[in-house]
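To start, the structure under review is shown below, and the notes come after it.
The values are calculated or read from the model by the stated rules, or taken from the named source; none is laboratory data. In this text the structure is predicted, and so the values were computed from the model without any measurement. Every residue, glycine among them, receives a Cβ derived from its backbone with ideal geometry; neighbour counts consider all protein chains shown. The protein model used for the area step is the full one, side chains on, heavy atoms only, and it has no ligands, DNA or RNA in it. Shrake-Rupley method; radii C 1.70, N 1.55, O 1.52, S 1.80 Å.
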Amino acid sequence: MSTIYDAAIEFQELMKFEYNIVLGYKGRSVEVPIRFDENDFHHLCGLHKLTDLQHISSAKNKPALFKEILDKKITDSVLKQSSYYLSDEVYDRINRVYELPTLLNRLSDKTTSLYKFNKNANSGSNIPGNYLIKGQASDQKTVYFVLLNDSVDPNKYFGISIFSRDLSDKKQRDFADGHTPNTLLYVSKTPLTADKQLDKEKEIVLYQRPSYAAPNNSNIKIVKFTPITSVIGDTAALAVPRPSFGQALVNLINKWADRIQEGIENRRRELKSAKREIYELKQALSERDEQLAQKDEQLNAKDDEIAVLHKQNTALTVEMYEQRKLIQAANPPKILSQKLDEARKKCRERNVQNPHRRNPPNQNRHKR
C-alpha cells in the first residue's frame with residue numbers, strides 16, 4: 001500500500017500540468033481541461049472523514065496541511081490513530097490518488113472509459129460531477145475518478161472524488177452503470193508556467209484518434225478589413241453599406257440574442273458557484289452529523305454506566321436490608337413484659353442483699 005507521502009509526491013507532479021481531454025458527444029467535440037490543486041488533495045484522499053482528528057479533518061489551510069505531509073510531519077502512523085482510517089476506506093483513497101497519474105496516462109487503453117456524469121444514476125450517492133473516468137487499478141479493482149467543473153472558472157475541471165470497488169464481489173455494483181459513455185478523441189498534458197499559464201510549445205499528446213483533427217492552438221486571430229471603394233487624393237473612402245430594414249432587424253435580434261446568451265452564461269456561472277457552495281455546506285453538515293453521532297454514542301455509553309450503577313445500588317440496598325433482618329433475628333428486641341420481669345428480679349435481688357430495707361420503720365411512730 002502507498003503512503004500518504006507517496007500520494008502527495010505524485011499529486012505534486014500532477015499540479016505541474018493541465019490535462020486536456022476531448023470527448024465526442026452527440027456528434028460534436030467537448031473539451032474537458034483538468035487541473036490539480038493542493039486544496040483538492042485533502043478531499044480526494046478522504047482526510048475530511050477523519051473527524052476524530054480535528055486538526056486534519058477540519059483543516060482550514062489545506063495547502064499548509066499538504067506541505068506538512070510533504071515534510072513528513074503528518075504520516076500514516078498519525079492517520080491510523082483515527083478510528084475512521086479503515087472503516088471509511090481512507091487508506092484505499094490514498095492509494096488511488098497515488099495511482100491517479102497512471103490512470104490519466106492510460107486513458108487510451110481499452111480498460112479505461114469516460115462517461116457523461118448522471119447524478120440520478122446512483123441513488124445512494126451524493127457525489128456531484130460532470131464527467132466520470134473509470135479504469136483498472138494495480139490490484140485489479142475498478143477505480144472511479146469523478147470530475148466537477150470549477151465554480152470560479154467553469155471552463156476548467158477538477159477531481160471531486162476517487163474511490164474503487166471490487167466488481168468480482170457480486171454485492172458491489174458498478175458505479176458507472178447509468179452514466180452516458182463518451183468517445184475519446186484526444187488527450188494531452190501541457191506544462192504550466194509559474195503564473196499558471198499554459199506552455200503550449202511543450203504540449204505532450206498522449207492520445208489522438210486517427211479520424212480526429214487536433215485543435216488549432218495557434219494564437220493568430222482572423223482580422224476582417226473594411227473594403228476601400230475609392231481613393232480621392234490621399235484620402236481613402238471606405239464602403240459602408242447601408243443595411244436594409246430586414247438586415248437591421250436581424251442585427252437587432254442578434255444583439256438581443258447575444259445579451260440573452262450572456263445573461264444565461266452569467267446565471268449559469270452563478271448557479272455553478274451556488275452548487276459548489278451547497279456541496280461544501282452538505283459536506284460540513286455531514287461532518288457535523290458524524291460528530292453528533294459520536295456524541296450520541298458517548299451519551300448512550302454514559303447512560304449504560306448509570307444504569308449499571310443504579311442496578312448495583314439497588315442490589316446493595318436489598319443486601320443491606322437482608323443483613324439488617326439477620327441482625328435483628330440474632331438479637332430480638334425485648335418486649336415490655338420481659339423488661340418488667342427483669343426489673344422485679346433485680347429488686348428482689350437487692351432486697352435479699354439488704355433485708356432491713358424490706359420493711360422500713362415508720363418514722364411517724366416516734367413523733368409524740
Condition (residue is closer than 22 Å to LYS110 by Cβ and in contact (Cβ under 8 Å) with a residue 40 or more places away in the chain) applied to segment 165-172: is it met by at least one residue?
no
Here, strands (runs of 3 or more DSSP E) confined to segment 81-198 with at least 3 residues that are under 21 Å from the mean Cα position of the chain (by Cα) are 131-136, 142-149, 157-165
Test: LYS272 is charged (D, E, K, R), open to solvent by 80 Å² or more (accessible area, probe 1.4 Å) and farther than 21 Å from TYR84 by Cβ
no
Determine which single condition SER29 fails, assuming it passes every other condition in (1) modelled with pLDDT under 90; (2) in a helix (DSSP H, G or I); (3) under 28 Å from THR180 (Cα atoms).
(2)
Within segment 34-42, can one find any residue that is assigned to a strand (DSSP E or B) and either closer than 18 Å to TYR98 by Cβ or touching a residue at least 24 places away in the same chain (Cβ under 8 Å) (or both)?
yes
Yes or no: segment 31-48 includes at least one residue that is in contact with a Ser or Thr (Cβ under 8 Å, 6 or more places away or on another chain) and surrounded by fewer than 19 Cβ atoms within 10 Å (Cβ to Cβ).
no
Which is of a type in the set (A, V, I, L, M) and open to solvent by 40 Å² or more (accessible area, probe 1.4 Å), of LEU147, LEU103, LEU167?
LEU167
The condition of being open to solvent by less than 10 Å² (accessible area, probe 1.4 Å), in a helix (DSSP H, G or I) and not acidic (Asp, Glu) holds, among ILE21, ILE56, ILE9, only for ILE56
Being open to solvent by 80 Å² or more (accessible area, probe 1.4 Å), in contact with a Pro (Cβ under 8 Å, 6 or more places away or on another chain), of a type outside the set (A, V, I, L, M, F, W, C) and modelled with pLDDT of 75 or more: is that true of LYS302 here?
no
